[in-house]
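What follows is calculated from the coordinates using simple rules that are stated; it is not laboratory data. It should be emphasised that the depicted structure is a prediction, and the values quoted were computed from it without experimental measurement. FYI the Cβ positions are ideal-geometry reconstructions off the backbone, even for glycines, and counts take in every protein chain you see.
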Amino acid sequence: MKKILNLVLFAALCLFMGSCGSSKHIAYFQNADSVNTEASKGLFDARIMPKDLLTITVSTTDPKAATPFNLSVTNTLNATGTLYTGAGSLQTYLVDNDGFINFPVVGQLKVGGMTKRECESYIRDKILPYMAKTENPIVTVKMASFKVAVGGEVKSPGVYTVDQEKISVIEALARAGDLTIYGKRENVLLIREDSTGMKTFHRLNLNDANLVNSPYYYLQQNDYVYVEPNKVQAQNSAIGSSVTIWFSVLSVVTSVASLVVNVLR
């Protein structure tokens, strides 16, 4: 009986030691103190992609000068039959597969591949010839459809809208509630589609602080981040209810054996 008890205690000790050994795979950025982050210098700017939805507004000192270039302006009749001009719901421009939008007055504009600032400057140059020389129009562009998806071993998988048009893989995982204890930190998969529709796969190691120097540290719109389950979770999912019952029975038998040994001493 003592041999059985000792065997069970030894197995429990091995399990405990194994769990302690695996803790080295849990912490993020383990070598942060020794990594040179010079390569990460520079601010990220998202670029406009096909199928993006853009909101574009033009502001001028004379509101009438901007009216033809704003889709948000609507004309309606009030109760007395008088024409009323006011701001309606903000409409969006859909970027087609070739990177073009159909902008009022000036027509087709290719904005695909541009940053927000480049697009604003480009549109401003296109509308200036239609305005008085005294006007200095301000063009504001916003990506209304910047979203990323996070799935796998995270607490809250889903699709997340990014209002600020900038998000790192770490922030995306944080929005999803972070990885569960069963998620592989050293092998996170990023699936990305470029402007031509080509899909690429990239592996990211959250344990390595060099991640901040990676060109994939910041996500693009429509990126998908997948966290693969580790071996423990994979093994747990393979254990059926019958095996779980046997473990419960073994636990009870071990407890009874321990009690009997203590009584017979």
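Note on Lys64 and Asp125: the model spin-label points, each 7 Å out from Cα along the C-beta direction, lie 3.0 nm apart. Convex hull volume per residue, computed on the Cα atoms of the stretch 88-139, equals 97 Å³. Can you tell me the FRET efficiency between Val106 and Ile181 if r is taken as the Cβ-Cβ distance and R0 is 51 Å, rounded to the nearest 0.05? Given R0 = 51 Å and the Cβ-Cβ separation, E is 0.40.
Computed 3J(HN,Hα) for the stretch 209-217, one whole-Hz value per residue from the Karplus formula 6.51 cos²θ - 1.76 cosθ + 1.60 where θ = phi - 60°, is 5, 5, 4, 5, 8, 6, x, 10, 5, glycine and proline marked x. Less than 5 angstrom separates the built amide H of Lys184 from those of Glu228, Asn230, all sequence-distant by 5 or more or on a different chain.
Between Val212 and Asp45, the C-beta separation translates, for a Förster distance of 22 Å, into a calculated FRET efficiency of about 0.80. Each residue of the stretch 39-51 is assigned a 3J(HN,Hα), and the resulting list reads 5, 8, 5, x, 8, 7, 10, 5, 10, 5, 10, x, 6 Hz, derived from the Karplus form 6.51 cos²θ - 1.76 cosθ + 1.60 (θ = phi - 60°), x at Gly and Pro.
State which entries of Lys51/Lys110; Lys116/Lys142; Lys110/Lys147; Lys142/Lys166; Lys110/Lys133 exceed 18 angstrom in Cα-Cα distance in the structure shown. Result: Lys110/Lys147; Lys110/Lys133 exceed 18 Å.
Take the Cβ atoms of Thr37 and Asp96, set R0 to 30 Å, and the FRET efficiency comes out at 0.20.
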